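FYI, it's all coordinate maths here, none of it is from the lab. Treat the numbers as computed from the prediction; the structure is a model and nothing was measured. Don't worry about glycine lacking a Cβ; one is built from the backbone with ideal geometry, like all the others, and counts go over all protein chains shown.
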Amino acid sequence: MICDMGPTVVFDKSFLQTLTVDESVWFDHHFVGVITPLFFVETLADLEKERIRPGRTPEDEVRIIAEKVPEMNSVPHIHHVTLCHGELLGFEVPFQGRPVLSGGVRTTAGDKKGIVYGVSPESEALERWRREEYREVERRFAKAWREALGASKRDAGAAFVDRYRDAAAECTTREQLHAVARSIVREAGTSAAERMGFVIDILGLRGDGDEIFERFLRCGAPAMAVYAPYTAHVVEVELFFRFATQRGIIAKERASNWVDIAYLNYLPTCHVLVSTDRLHRDNARLFLRDYQTFVWGEDLKADLRMIDELHKKLPQAVRDRGLMSFAPRPPTEGEFLTSHLWDLAMRPSWRTPRPVNLSEDAQKKMIESMKTMKKRAEAQTEPAPIFTTEEADAITVDRRVKMRKGSWTQLPPEMLGPDT
């Protein structure tokens, strides 16, 4: 799976803005960057900002951010509402730090099963943004997003939240408010209609509300945490935020808080959340599982700078061979935060990897099998075969990657082609 390439990391715009281009190269190289829909709309919203950094236009700002977005190992994540929708209709959502992609085509080559992902629309958009090319629909979307950020309250599900107002009023800490929110998603049997109605309301799923509710009742109206664990997480974040703004622990008046809290919806599908946002620093820890950690963005930036400086001491001839040739993994000597995060997510065995020696013939067969899968996926007209991600023998993701980025050669010279 993709997670073997490094820990999966959800990042926000605030972190990426702190990085230099060279630091962003190492972030991309050693981590699987989970690009949430929130990141895209938050970045695009800069197009409609009236005030930007001195000497920069809004278009400059978006281009600079887009230039630093991971491209080698990144994955655009499916929207959290789409995940909840599927889960409430019976589809399982994976946890344990595994991001969820959309658009994959299942196919076969001989007795091998594969999933092929083409170049994502998000990647296409980023490439245009790097050239400062913005479609009119994106500008309209940016304006609508800025207007949405100005809203200071939410009405969906307000009556349900009011039922717990007294319980929240007794809380004086964020930990206590979180405990109230968690207890609600673990309730079973009582007030089943109100609980599921709240979930449908806040997720905007009224169109399929009857089907979702009927399935819920057929299953005995269990606790949301048991019935739909990912959805329960999203609801838990929402309830906590509602309670925290009511109590003044989180400022209700700051419009960006409504966006920032939503990044926590993606926690179950990553190993690390990195941010320089104080709301994330103060609240993310409440929702972390044992395989996850929060990292303050300035700390990871400093570590990436040290890695960058370490490898810039290598001869230019070595560096020109590409990052994978001389730094396939983080440093194993010295104290590096990146290496520590690999220890937490990948287990320390990554430090002494076992060599995988494929014969030249085996390598050719593997490459030909993957090429065949891609061709069949592109031409496939019959219904796709049914199998899970775990049952796939291969997963391929098309990418557009620059040969050089900043000071670094990202790909070996022999891989130079028209799309690199």
Legend entry - Under 5 Å, built H, 5+ apart or other chain: amide partners of Ile35: Val75, His77
Legend entry - HN-Hα J in Hz across region 14-24 - Karplus 6.51, -1.76, 1.60, θ = phi - 60°, x for Gly and Pro: 4, 5, 4, 5, 6, 7, 7, 4, 5, 5, 5
Inset, instruction - Using only alpha carbon pairs under 8 Å that are at least six residues apart, calculate the relative contact order of region 158-252 and give it in whole percent. - result: 41 percent
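Cut-off is 10 Å between beta-carbons; in what order do Tyr291, Tyr263, Tyr230 appear when sorted fewest neighbours first?
On the way: Tyr291 15, Tyr263 24, Tyr230 21.
Going from least to most buried by this count: Tyr291, Tyr230, Tyr263.
Just rank Asp60, Asp290, fewest to most, by other beta-carbon atoms within 10 angstrom. Intermediate results must be reported in sequence, preceding the final value.
On the way: Asp60 14, Asp290 6.
Ordered from fewest to most neighbouring Cβ atoms within 10 Å, Asp60, Asp290 come out as Asp290, Asp60.
Sort Trp258, Trp350 by Cβ crowding within 10 Å, fewest neighbours at the top.
Numbers: Trp258 19, Trp350 16.
Final ranking by Cβ density, sparse to dense: Trp350, Trp258.
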Legend entry - Sparsely packed trypsin sites (Lys or Arg not before Pro) within region 1-82, loop by DSSP, other Cβ within 10 Å at most 14: Lys49, Arg51, Arg56
Inset, instruction - Run through all the Cα pairs of region 158-252 and give the fraction in each 5 Å bin from 0, expressed as whole percent. - result: 2, 14, 25, 25, 18, 10, 5, 2, 0
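Any of Lys112/Lys402; Lys68/Lys375; Lys112/Lys374; Lys13/Lys375 with alpha carbons more than 24 Å apart? Name them for me. Don't jump to the answer; show the numbers that get you there.
Working: Lys112/Lys402 31 Å; Lys68/Lys375 31 Å; Lys112/Lys374 12 Å; Lys13/Lys375 36 Å.
In this structure, Lys112/Lys402; Lys68/Lys375; Lys13/Lys375 exceed 24 Å between Cα atoms.
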